[in-house]
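The values are calculated or read from the model by the stated rules, or taken from the named source; none is laboratory data. Worth saying up front: this structure is predicted, and the values here are computed from it rather than measured. Glycine also receives a Cβ, built like all others from the backbone with ideal geometry; neighbour counts cover every protein chain displayed. Just the protein is used for accessible areas: all its heavy atoms, side chains included, with ligands, DNA and RNA removed. Shrake-Rupley method; radii C 1.70, N 1.55, O 1.52, S 1.80 Å.
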Amino acid sequence: MITGDISPGDADAFKALVKQANDGGKLVGNLRLNSTGGNLLEGVKLAEAVRYAKLSTNVGKKAICASACFLVFAAGSSKFVSYGAQIGVHGASDQSGNETMGSNAATVSMAKIAKELGVPPAIIGRMVVTPPTEVVWLSPQDLQSMGTTMVGKPDQVASGIQSGDSPPQQTSPSEPFNIQPDARANKSTPISWDEFFKGALLTSASQNEGKPRFFRTCQPEIKSCVSGVSFLHKGREMFARITRDINEHLIQREICEINSTYDVRKCVDWDTNTFHSDMKDSKGNWYKVSEE
C-alpha cells in the first residue's frame, strides 16, 4: 500500500519492500493506492517500478489517487477502482506550487509518460490543460476507457474541474477546448491568454494522439527564448507562442497563422492588438515584411 504524499526516496523504499517479500518467498501482485500526489519525478520512478514488476493497481472506496499518484495507477498491469473512489489529474507545478514555464515543460513530459502507459488522449488532454491548483476528477467511463475494472456498486458522484469550494464543472472528454483564435486582449475578449493557451494545448493534444506539439527555442544573441504550441483550426496551421527574456520576463505573446506553403505567416500581438506579416527566405529565416 502507498498512502500519503509521494516523496523523494519512496521508489527505492517500495522496491526494497518488494524485494524483501520476494526473498521471503512471497509474490507481490497488487498495489493499493491512497495519495493526493506529491513529487512528480518520484511518481514517475514508482510508475516504472510498478510496470516492471507487472503489479495490478487498486484504489479502494473513499480513497483518492491524484496528480503523481495517477501515473502510478496507470502503470498497473491491471487496474481496479471501487465506486466512490476519486481519481484525478492536473498539470505540474514548481516546488512552491506555482505554474511556470518549467512546470509547463514538466506537464508535457508527464503527458508523454501517460501516453506510454496507455492513457487515452482525452484524459491526457485534460491533464495538460488543468492548472495545478485544480483537479479533473475522472468518471467511471473515463477510467473504463483506460482498461480499468470498476468494483462495487455505482455511487452518484460528479466529475469535472474543482477549485477550492467551487462546485464541479462538467467537462467533455472528447471535444477540444473552444480556442477562439481570433480573440485578442481587449475589453471584449471573452477569455484570458492562459485560457487560450491551455485550450491550444488541449486542441493540439487531441490532434496528435495525446501529445501536444509543444516547442521551445532560444536565441542567445538577443538573450530570449520562445515557447509555444502549434495546432490546426478549421484546416489552418496556427501556433500560440510566448517570448521571454533571460530572466523569464515576458516580452511578447502572439497568435500566428501560417499559409499552406509554410513561407508566409500573419500574427497578432495578444497584448497590443497589432498585426504583422512575416516571410521566410530560402535559408528558413523569417523576416517581418509588414505591420499594422
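Suppose we filter region 212-224 for residues that are open to solvent by less than 30 Å² (accessible area, probe 1.4 Å) and without any contact (Cβ under 8 Å) to a residue 40 or more places away in the chain; how many remain? Can you show your working first?
Residues of region 212-224 open to solvent by less than 30 Å² (accessible area, probe 1.4 Å): 212, 224.
After this cut, where a residue has to be without any contact (Cβ under 8 Å) to a residue 40 or more places away in the chain as well, the list is 224.
So the answer is 1.
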* To do: Under 7 Å between Cβ atoms, at least 6 apart or on separate chains: pull out the pairs that start in region 237-254 with a residue that is without any contact (Cβ under 8 Å) to a residue 60 or more places away in the chain and end on any residue that is outside any strand (DSSP E or B) and open to solvent by 60 Å² or more (accessible area, probe 1.4 Å).
  => Asp245/Lys223; Ile246/Lys223
* Candidate set: region 148-176, residues that are touching a strand residue (DSSP E or B) at 6+ places or on another chain (Cβ under 6 Å), assigned to a loop (DSSP other than H, G, I, E, B) and of a type outside the set (S, T, N, Q); chosen: the one modelled with the highest pLDDT -> Gly152
* Asked: Of all residues in region 13-39, which are under 26 Å from the mean Cα position of the chain (by Cα) and open to solvent by 40 Å² or more (accessible area, probe 1.4 Å)?
  -> Arg32, Asn34, Thr36, Gly38, Asn39
* Name the pairs whose Cβ atoms lie under 8 Å apart, with the first residue in region 275-292 and more than 9 Å from Arg265 (Cβ to Cβ) and outside any strand (DSSP E or B), the second at pLDDT 85 or above and open to solvent by less than 80 Å² (accessible area, probe 1.4 Å), and 6 or more positions between them or separate chains? -> Glu292/Thr274; Glu292/Phe275; Glu292/His276
* Asked: When only residues in region 244-274 that are of a type in the set (A, V, I, L, M) and exposed (fewer than 12 other Cβ atoms within 10 Å of the Cβ) count, which is modelled with the lowest pLDDT?
  -> Ile246
* Any hit, region 129-140, residues being of a type outside the set (Asp, Glu), within 17 Å of Lys211 (Cβ to Cβ), open to solvent by less than 10 Å² (accessible area, probe 1.4 Å) and within 13 Å of the chain's Cα centre (by Cα) -> yes
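I'd like the full set of residues that are over 13 Å from Val81 (Cα atoms) and either in a loop (DSSP other than H, G, I, E, B) or touching a residue at least 12 places away in the same chain (Cβ under 8 Å) (or both), limited to region 51-65. Steps first, please.
Residues of region 51-65 over 13 Å from Val81 (Cα atoms): 51-55.
Within region 51-65, Arg51, Ala53, Lys54, Leu55 qualify.
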* In the set Ala63, Ala74, which member is crowded, with 17+ Cβ neighbours inside 10 Å and over 15 Å from the mean Cα position of the chain (by Cα)? -> Ala63
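Got a sec? Which of Val89, Val108, Val135 is at pLDDT 90 or above and aliphatic (A, V, I, L, M)?
Values: Val108 fails: at pLDDT 90 or above; Val135 fails: at pLDDT 90 or above.
The match here is Val89.
For region 104-119, name all the residues that are in contact with a Gly (Cβ under 6 Å, 6 or more places away or on another chain) and either open to solvent by less than 40 Å² (accessible area, probe 1.4 Å) or assigned to a loop (DSSP other than H, G, I, E, B) (or both).
Our first condition is that a residue be in contact with a Gly (Cβ under 6 Å, 6 or more places away or on another chain); within region 104-119, this holds for 107, 115.
Passing the criteria: only Thr107.
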* Asked: Is it true that some residue in region 16-34 is in contact (Cβ under 8 Å) with a residue 40 or more places away in the chain and of a type outside the set (Lys, Arg)?
  -> yes
* **The one condition in (1) assigned to a loop (DSSP other than H, G, I, E, B); (2) open to solvent by less than 70 Å² (accessible area, probe 1.4 Å); (3) within 26 Å of Val119 (Cα to Cα) that Glu209 fails to fulfil** => (2)
* Asked: Considering region 77-96 alone, what residues qualify as being among the charged types (D, E, K, R) and surrounded by 16 or more Cβ atoms within 10 Å (Cβ to Cβ)?
  -> Lys79
* Only listed residue being farther than 29 Å from Gly152 by Cβ, in a helix (DSSP H, G or I) and open to solvent by 40 Å² or more (accessible area, probe 1.4 Å), chosen from Glu42, Glu99, Glu48 -> Glu48
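Among the residues of region 248-259, is any closer than 17 Å to Gly284 by Cβ, over 24 Å from the mean Cα position of the chain (by Cα) and in a loop (DSSP other than H, G, I, E, B)? Show your work before the answer.
Taking region 248-259 first, the residues closer than 17 Å to Gly284 by Cβ are 256, 258-259.
Filter once more, keeping what is over 24 Å from the mean Cα position of the chain (by Cα): 258-259.
Those still in the list that are in a loop (DSSP other than H, G, I, E, B) too: 259.
Yes, some residue in region 248-259 is closer than 17 Å to Gly284 by Cβ, over 24 Å from the mean Cα position of the chain (by Cα) and in a loop (DSSP other than H, G, I, E, B).
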